[in-house]
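Please treat every number below as a calculation from the coordinates, not as lab data. None of the values given here were measured: they were computed from a predicted structure. For neighbour counting, all protein chains shown are included, and Cβ atoms are generated from backbone atoms with ideal geometry for every residue, glycine included.
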Amino acid sequence: MQINYSIIIFILGTVLLMFFTFFIVIFLIVHKKKRYQHLLEKQQMESTYQNQLLQSKLEVQEQSFKYFSEEIHDNVGQLLSIVKMQLYNIKSSSKEQEVVTKATDCTELLGKAINDLRNISHTLNSAYISNAGLANAIEKDLDYVRSAKEVKCNLHRSGEEYEIDDERELMVFRIIQEAVGNAVKHASASVIDVSLDYHPDKLCVTIVDNGKGFDVNEHHNGGIGLNNMHVRTDLLKGKIDVTSEKDKGTTIKLEIKPLSLP
């Protein structure tokens, strides 16, 4: 009888221990899951905050671009146009060949400067980019580079073109503009090729230059230009790849999905 009672006590103790262990395990799993969920929510909040901060920064930047664009168009451009008109009057009224020749040369130079300023003004203004469309805005920017920097620039398009919303289109344009600007200013490129490849599931943008290049590993964090490109790509939820080698140029590949796709 005593043995049977001991066995029953042992079995009950074992069952209670198993239940206790089971509840401890469940408690730890639930606690760990809640901690993980809390950490995930915290990371999502931080990511959302960072995205909003970056978005605000880019919006401020676009407002600055718009202001400079209007200043160039309304003030600087008009002043240069007046100067050009005055030179034309001098050329028309003067009877001295030397004065006429110099006035003609200055008029042509001013005409080129006004055209370059107009191109700069357009590509700084987000409203123009929205109205002109991505390809036309890129061509306008490349026109300025061809004219002012004497760099051979080519725009290639393939696939059936489709529209993306204005905000995403503007960010894609700014990435291309940044890449082209870097190729001219820092890489001393003489040839720049920009490609827009429209696929049903994604838009692929490639910018290739023949500049002096750089060691990507040494510039892992990049300069302001590269960082701006990565920031905009993150906001686009796209992919960007930068490959470069010293004295062998740089290739930048950007991929984004049309807004209608998940």
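Please rank C106, C153, fewest neighbouring Cβ atoms within 10 Å first, as an exposure proxy.
With the sparsest Cβ surroundings first, the list reads C106, C153.
List the pairs from K84/K212; K140/K239; K140/K253; K32/K257 whose alpha-carbon separation is above 32 Å, in the order I gave them.
Distance filter (> 32 Å) returns K84/K212; K32/K257.
Per-residue HN-Hα couplings for region 207-215, Karplus 6.51 cos²θ - 1.76 cosθ + 1.60 at θ = phi - 60°, whole Hz, x for Gly and Pro?
Result, rounded to whole Hz: 10, 10, 10, 9, x, 6, x, 7, 7.
Based on the mean of other beta carbon atoms within 10 Å per residue, what is the order of 238-248, 184-194, most packed first?
Highest mean packing first, the order is 184-194, 238-248.
What number, in percent, do you get for the relative contact order of region 151-262 if the mean sequence gap of Cα pairs under 8 Å and at least 6 apart is divided by its residue count?
The value is 29 percent.
To the nearest 0.05, how large is the calculated FRET efficiency for D105 and S190 if R₀ is 35 Å and r is the Cβ-Cβ distance?
So the FRET efficiency works out to roughly 0.85.
Stretched out fully, how many nm does the piece from I29 to I9 gain, at 0.36 nm a residue minus the Cα gap?
4.2 nm
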